[in-house]
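The structure appears below as structure tokens.
The values are calculated or read from the model by the stated rules, or taken from the named source; none is laboratory data. No experiment lies behind these values; they were computed from the predicted model shown. FYI the Cβ positions are ideal-geometry reconstructions off the backbone, even for glycines, and counts take in every protein chain you see. Surface accessibility is based on the protein's heavy atoms, side chains included, excluding ligands, DNA and RNA. Shrake-Rupley method; radii C 1.70, N 1.55, O 1.52, S 1.80 Å.
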Amino acid sequence: MKKNFVHQWLFIAFLSLVNKTHGQQTPLPSERQLAWQSQETTAFLHFTVNTFTDKEWGDGTESPSIFNPEKLDARQWIKALKEAGFKMAIITAKHHDGFCLWPSGYTEHSVKNSPWKNGKGDVVKEVADACREYGIRFGFYLSPWDMHEVTYGTSAYNRYYRNQLMELLTHYGKVSEVWFDGAKGENAKSMEYEFESYWAMVRKYQPEAVIFSDIGPDVRWVGNEKGIAGETCWSTITTDSMEIGAADTKYLNTGDPVGKYWIPAETDVSIRKGWFWHQNENDSVRSPQNLVNLYYQSVGRNSMLLLNIPPNNKGLLEEQDIRSIKAFRVILNQTFRTNLSKGKVLPSLTDGQLKTYTQITPDKPLLIDLKNNITFDRVMLQEHIMNGQQIENGRMEYWDRGTWKDLASFTTIGYKKLIRTPIITTSRVRLYLNGIRGRSSQLSEIGFYKASPDE
């Protein structure tokens with residue numbers, strides 16, 4: 001991909017800023033990346049003219065007159081997300097059709113020309129305000145592809161896009177994540193998105209926000225929209241020769257143990273078959289148990305779960321969706337409420353703090369003496385990722401009537417590894433960390449849990 005000198009310089013500068021290694025060979029996470037991953041579950045809100053045309057993708061010819069969510073209540077959306085344990089909401093401020101959910105000063109194709117609130121409404125503002133009210137973080141997606149804008153496909157479009165990005169970055173308070181993708185129309189094959197200049201604006205006006213794209217610079221795509229991170233999932237990749245929209249999805253899914261940059265994976269998936277609301281999908285919403293399984297396959301594999309919950313054409317979340325996400329959180333809370341090893345192992349491993357840790361070397365397993373028998377079928381491991389991701393693989397054994405028996409084997413840990421095991425009753429467990437990139441690893445947390453009967 002050709003870039004002028006200024007853009008090349010910006011790209012290198014920002015990757016260097018995001019992925020400082022402080023003189024070490026291992027890439028380290030930034031404070032904003034650590035804060036982002038600790039959220040574990042965030043929500044996407046796909047909402048635009050498609051919600052009223054029953055389409056997944058618009059084509060830019062839709063009239064603003066069709067956008068009229070007469071009962072729109074962003075507080076209902078965010079309240080439901082808050083009660084279901086979600087820590088951030090990301091609104092599709094503009095999708096590929098180009099319709100803007102805020103009254104942009106750079107196009108007439110927006111809510112200001114819709115009948116909703118007589119053209120005086122602003123969906124982005126209502127979502128941002130509700131996020132502040134309920135104490136969750138706010139983010140937005142601004143599609144680079146715009147099927148309506150007449151400058152799209154020409155170099156002038158980048159200026160148009162930056163103008164709209166500026167509006168969103170400066171008019172709605174604190175932004176915690178800005179979501180980009182590389183989607184591009186056939187009429188724009190010769191046009192290049194000036195991503196580095198977009199990212200520079202985010203850094204300038206919202207320095208605490210993480211930037212998502214297929215390849216970062218802060219957060220990468222997991223490589224699929226199924227909600228499944230790799231069983232092996234490194235937070236590090238090398239992006240030097242990669243392009244947004246054309247990256248190797250298998251590589252994104254697993255990461256790279258010798259990757260140059262710390263760019264953890266975000267696992268996006270929808271609660272419905274589609275990304276936008278369709279009435280005929282009201283009876284096919286993912287069950288709470290399905291969502292719990294997605295949690296194990298995303299958060300439990302060193303990733304972030306980004307679950308899409310689309311508002312309907314009235315401007316409300318459907319009750320089916322709300323019931324499902326709330327029951328999902330109840331199940332997780334029941335399963336992970338009580339760490340059965342707390343008070344029985346080193347305090348640094350059960351204090352809930354990633355900043356504390358225990359050193360483990362390959363030649364000496366960690367013996368976990370639980371004093372008395374406990375019964376569990378879930379194990380949680382967390383690595384001290386502030387010093388990088390080092391653990392390549394490991395295994396566990398449990399003590400059973402005078403002998404050690406295999407419990408489970410695993411690959412990467414990273415921020416969190418969740419392991420589902422058969423129901424085990426034992427008083428002792430041995431943890432081996434055999435594959436370590438370095439002389440020792442730093443384990444921050446360990447937990448043994450009994451799954452909720454509703455799982």
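Keeping to the range 234-247, report how many residues are open to solvent by 50 Å² or more (accessible area, probe 1.4 Å) and more than 18 Å from the chain's Cα centre (by Cα).
Total meeting the criteria: 4.
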statement: Counting only residues in the range 49-61 that are on the phi < 0 side of the Ramachandran plot and part of a loop (DSSP other than H, G, I, E, B), the one surrounded by the most Cβ atoms within 10 Å (Cβ to Cβ) is identified as Val49
message: Could you check the range 248-290 and list, in sequence order, the residues that are among the aliphatic types (A, V, I, L, M) and either open to solvent by less than 50 Å² (accessible area, probe 1.4 Å) or touching a residue at least 60 places away in the same chain (Cβ under 8 Å) (or both)?
response: Leu252, Ile263, Ala265, Val269, Ile271, Val285
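Okay, residues lined up against (1) closer than 22 Å to Tyr295 by Cβ; (2) in contact with a helix residue (DSSP H, G or I) (Cβ under 7 Å, 6 or more places away or on another chain); (3) not in a strand (DSSP E or B):
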| residue | (1), (2), (3) |
| --- | --- |
| Thr356 | no, yes, yes |
| Asn372 | no, no, no |
| Leu381 | yes, no, no |
| Gln389 | yes, no, yes |
| Gly394 | yes, no, no |
| Thr421 | yes, no, no |
| Ser427 | no, no, no |
| Ser444 | yes, no, no |
field: Any chance Asn4 is at pLDDT below 95 and buried (at least 20 other Cβ atoms within 10 Å of the Cβ)
entry: no
- request: Keeping to the range 62-103, report how many residues are of a type in the set (Gly, Ala, Ser), assigned to a helix (DSSP H, G or I) and open to solvent by less than 50 Å² (accessible area, probe 1.4 Å).
  value: 2
field: Criterion violated by Asn118 - all others in (1) of a type outside the set (Asp, Glu); (2) in contact with a strand residue (DSSP E or B) (Cβ under 9 Å, 6 or more places away or on another chain); (3) at positive phi satisfied
entry: (2)
query: Say we look at the range 429-442 and pick out the residues that are part of a strand (DSSP E or B) and among the hydroxyl-bearing types (Ser, Thr, Tyr); which of these is most open to solvent (accessible area, probe 1.4 Å)?
result: Tyr432
task: List every residue pair whose Cβ atoms lie under 7 Å apart, where the two residues are 6 or more positions apart in sequence or sit on different chains, the first residue falls within the range 74-101 and is without any contact (Cβ under 8 Å) to a residue 12 or more places away in the chain and within 15 Å of Thr51 (Cβ to Cβ), and the second residue, located anywhere, is hydroxyl-bearing (Ser, Thr, Tyr) and surrounded by fewer than 24 Cβ atoms within 10 Å (Cβ to Cβ).
output: none
query: So which residues in the range 368-388 are surrounded by 20 or more Cβ atoms within 10 Å (Cβ to Cβ) and more than 22 Å from Arg420 (Cα to Cα), if there are any at all?
result: Ile385, Gly388
task: Kindly check whether there is at least one residue in the range 215-233 that is within 30 Å of Val150 (Cβ to Cβ) and crowded, with 18+ Cβ neighbours inside 10 Å.
output: yes
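Please find, within the range 238-264, the residue that is modelled with the lowest pLDDT out of those that are touching a helix residue (DSSP H, G or I) at 6+ places or on another chain (Cβ under 7 Å) and among the hydrophobic types (A, V, I, L, M, F, W, C).
Here the answer is Ile244.
If you check Ser197 against the conditions, is it part of a helix (DSSP H, G or I) and surrounded by fewer than 18 Cβ atoms within 10 Å (Cβ to Cβ)?
In short, yes.
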query: Looking at the range 362-369, is at least one residue without any contact (Cβ under 8 Å) to a residue 40 or more places away in the chain and on the phi < 0 side of the Ramachandran plot?
result: yes
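Each row is one residue, and each column tells you yes or no for (1) assigned to a loop (DSSP other than H, G, I, E, B); (2) out of contact with any Leu (no Cβ under 9 Å at 6 or more places or on another chain); (3) farther than 28 Å from Gly185 by Cα.
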residue: Arg203; (1), (2), (3): no, no, no
residue: Glu231; (1), (2), (3): yes, yes, yes
residue: Thr239; (1), (2), (3): yes, no, no
residue: Glu243; (1), (2), (3): yes, yes, no
- prompt: Which of the residues spanning the range 134-158 are part of a strand (DSSP E or B) and in contact with a strand residue (DSSP E or B) (Cβ under 6 Å, 6 or more places away or on another chain)?
  reply: Arg137, Gly139, Phe140, Tyr141, Leu142
- request: Could you tell me which of the residues Leu72, Leu28, Leu17, Leu34 is at pLDDT below 95 and in contact with a helix residue (DSSP H, G or I) (Cβ under 9 Å, 6 or more places away or on another chain)?
  value: Leu17
- prompt: Does Lys417 satisfy being of a type in the set (D, E, K, R) and surrounded by 22 or more Cβ atoms within 10 Å (Cβ to Cβ)?
  reply: yes
- request: Scan the range 159-173 for residues that are open to solvent by 40 Å² or more (accessible area, probe 1.4 Å), of a type outside the set (A, V, I, L, M) and either assigned to a helix (DSSP H, G or I) or free of Cβ contacts under 8 Å to residues at least 12 places away in the same chain (or both) and report the count.
  value: 4
message: Please go through the range 91-105 and give me each residue that is more than 13 Å from His171 (Cβ to Cβ) and either out of contact with any Gly (no Cβ under 8 Å at 6 or more places or on another chain) or of a type in the set (Phe, Trp, Tyr) (or both), ordered by number.
response: Thr92, Lys94, Phe99
task: Can you confirm whether the range 352-366 contains a residue that is open to solvent by 60 Å² or more (accessible area, probe 1.4 Å), closer than 22 Å to Lys450 by Cβ and of a type in the set (A, V, I, L, M, F, W, C)?
output: no
